[in-house]
1. Just one of the numbered conditions (1) among the acidic types (Asp, Glu); (2) buried (at least 20 other Cβ atoms within 10 Å of the Cβ); (3) within 9 Å of chain B (Cβ to nearest Cβ) is not true of A:Glu101; which one?
2. Which of (1) without any contact (Cβ under 8 Å) to a residue 12 or more places away in the chain; (2) not in a loop (DSSP other than H, G, I, E, B) is the odd one out, the single condition B:Ser54 does not satisfy?
3. Going through the stretch B:1-23 one residue at a time, which ones are aromatic (Phe, Trp, Tyr) and at the interface with chain A (Cβ under 9 Å from one of its Cβ atoms)?
4. Of (1) surrounded by 23 or more Cβ atoms within 10 Å (Cβ to Cβ); (2) within 22 Å of B:Thr260 (Cα to Cα), B:Thr188 satisfies all except one. Which?
5. Given the structure, is B:Gly107 within 14 Å of the chain's Cα centre (by Cα) and under 22 Å from A:Phe119 (Cα atoms)?
6. Which one is nearest to the other protein chains (Cβ to nearest Cβ), of the residues in the stretch A:267-294 that are surrounded by fewer than 24 Cβ atoms within 10 Å (Cβ to Cβ), in contact with a strand residue (DSSP E or B) (Cβ under 9 Å, 6 or more places away or on another chain) and more than 25 Å from B:Tyr135 (Cα to Cα)?
7. Just one of B:His264, B:His228 is surrounded by fewer than 21 Cβ atoms within 10 Å (Cβ to Cβ), within 14 Å of the chain's Cα centre (by Cα) and at pLDDT 95 or above; which is it?
Number of protein chains: 2
Amino acid sequence: MAKVNDNFLKLPGSYLFSTVAKKISAYQETNPDKEVIKISIGDVTRPLAKAVVSAMERAVNEMGTSEGFRGYGPEQGYDFLRNAIVKNDYNKRGIDIAPDEIFVSDGAKSDCGNIGDIFSVDNLVAVCDPVYPVYIDTNAMSGRAGDFINGRWSNLVYMPCTEENGFLPQLPNEKVDIIYLCFPNNPTGVCATYTELKKWVEYARENKAVILYDSAYEAFITDKDVPHSIYEIEGTKEVAIEFRSFSKTAGFTGTRCAYTVVPHELRLDGVELNGLWNRRQCTKFNGVPYVIQRGAQAVYSDEGIRECRENIEYYLNNASIIRKGLQSAGLSVYGGTNAPYIWAKTPDNMGSWEFFDFVLSEAGVGITPGVGFGPSGEGFVRLTAFSTKENTEEAIKRIQKILK
Amino acid sequence: MAKVNDNFLKLPGSYLFSTVAKKISAYQETNPDKEVIKISIGDVTRPLAKAVVSAMERAVNEMGTSEGFRGYGPEQGYDFLRNAIVKNDYNKRGIDIAPDEIFVSDGAKSDCGNIGDIFSVDNLVAVCDPVYPVYIDTNAMSGRAGDFINGRWSNLVYMPCTEENGFLPQLPNEKVDIIYLCFPNNPTGVCATYTELKKWVEYARENKAVILYDSAYEAFITDKDVPHSIYEIEGTKEVAIEFRSFSKTAGFTGTRCAYTVVPHELRLDGVELNGLWNRRQCTKFNGVPYVIQRGAQAVYSDEGIRECRENIEYYLNNASIIRKGLQSAGLSVYGGTNAPYIWAKTPDNMGSWEFFDFVLSEAGVGITPGVGFGPSGEGFVRLTAFSTKENTEEAIKRIQKILK
């Protein structure tokens, strides 16, 4: 008799964002006269840059001609895109990455999840708390997380990120094998400086650990001492895989393109992880649509860079509206200066879900309960800068009103 | 210290198609005056249908406007596409499938590989021999295949498909848990009739096995007694997952869209596999680009259906040219009437690679050695109908010449 992967059955109820979405829908249904503003989910709203649209349009038309038609592309991505990534995202920052260390994919979520394929089930994994749920759930599915007991996975090492430590994880006391780091952080919006990241690279080198570094939000970095890539720290190529995405950089959440960097120097027991990931992708993936890769390439054109930058500034301005607005309402807020996320402490020691319900029912604003990202998120909520300026202003006004 | 997934290290050398490609490139380099014709890889060559191009163009332009922009879509695919699939591919054939049983994805290769996530490692897996390598390699990666010893995986059950049994797998003597079937078959081009498939459904029902049914080539079926979907056989929903793709149906190999059907009735120990796959996709996947889904939807428009049909007929005509041409050269050939693949027996008991080398060096034609698909493929080669008519004719002429 066929058997299912029992690890799936250990996963707790539903995904955070779907619970949030359901609660908002239910409220909207029972209050059809009120217009709920959602500043809860990390989804962009600005249209694609003109340069991207033009490039994709050209590519679509090529695909309709005998001369321009493209069948299977390289699983790892077309050279035109891999080269543009290397030049713009790495070489321009003085980082030496080779095109064959870049693996173009359909999303950082896919890659962060699928990367587990190349690691043994018996690695000890460390995650931040609070954390982007995908890191945990995918490890749980593959049996690496153990059992879910009292809101925690028995085999994971949780690194609390709290107000006390500035929401920066501390080096674990025990030896861990795989460490997920995400900066600018989702959900707290906090960044790690060069000095801070260096600690982790040293830890990984000493313990032969691998850092899985998610920098999906690097385009939002404004501070000079915050590295855009973990490879800005010397010696990192031997210990880290970096995940990048066009989702937030260029509004590609519905267009789907990202990439993962696996340096050749990254070896475990003499085995190059680059080769393993290449084999994984060649066997279980068939590349990103040609049309989409042409769109991603256009992100790096002069016009593309300028247009995408304008959108990032637009969102950063929203972040600033949220930060200042909540601060003036008396809340403690974090993040939002190098990230599209604002992490706010609930007033009067309210629980995360309690404050979520309060803001939804009294202000008609959808936010995300911090505890949904992990136990240490209790007493916090996450707000996102991806709405329109008008809606962001209106949402903050409404929240200010109920906090008076 | 972090540890890799050792199963990857058990995988033999390189992927069949990359070895074939390298050999062809090497020959081309040393013989720059000869033009090699490749009828080796299953990649389409006809441009996208006009209906598809128009739909994608419209969608690209929508994405450039505030009103038309789309961010994250449903991980399972947009309703407009799921509904079109249900109506056209199932309801029209009298099959009752619900839209939430359809999971739109970036490729049947991805899905055939990733589906392993929801099954326990200790299922006994049966595969045809010869077989599409992805089924085996993905099971090997997850540890389900055992060790690779003398060209065979120790824990897989191989079902030989030979001239003697008409290239149709026979029911295994032992009880297996998961069975991969692919009809129209890659590589042999052979199809299973209604009666033949019924045997498998009965076996699966009796043994509580799950059939993973790959029907990526269903559009090439011309015979009336060959089912297009395994769900045409009564009682199949309780035992089978079906993989479909737009790659060959509509020339989407470089455009990337497919779908997988997981009926609610399919349960193991009371657990719905639909729910597990949904959870897997929601956690490790973020949906297919909006633009691409609009293109796939247009495949089902009147114009799209007509244009795609014309392309299929074009390829089927190539298949007929190959079949007849090789037959008249004295070879035994199979497939090619309900499939884009022709499976030909080598002359004079030549080995697959020997004949491959002979045809490449003497005729300047690239084909695929049958043994690359499994031990029982020895003594056969696979030819594909996806080239242009002109190149197909020329390739067959050249092969006929060297066989005289």
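The values are calculated or read from the model by the stated rules, or taken from the named source; none is laboratory data. This is a predicted model, so every value here is computed, not measured. Using ideal geometry, Cβ is built from the backbone for each residue, glycine included, and neighbour counts are taken over all protein chains shown.
1. For A:Glu101, the exception is condition (3).
2. Checking B:Ser54 against (1) without any contact (Cβ under 8 Å) to a residue 12 or more places away in the chain; (2) not in a loop (DSSP other than H, G, I, E, B), the one that fails is (1).
3. Within the stretch B:1-23, B:Phe8, B:Tyr15 meet the criteria.
4. Failed condition: (2).
5. No.
6. Per the criteria, the residue is A:Leu268.
7. Matching residue, one of B:His264, B:His228: B:His228.
Every residue, every condition in (1) in contact with a Ser or Thr (Cβ under 6 Å, 6 or more places away or on another chain); (2) more than 11 Å from every other protein chain (Cβ to nearest Cβ); (3) without any contact (Cβ under 8 Å) to a residue 40 or more places away in the chain; (4) not in a loop (DSSP other than H, G, I, E, B), yes or no:
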residue	(1), (2), (3), (4)
B:Glu29	no, yes, yes, yes
B:Ile41	no, no, no, no
B:Val44	yes, no, no, no
B:Glu67	no, no, yes, no
B:Pro74	no, no, no, no
B:Asn91	no, yes, yes, yes
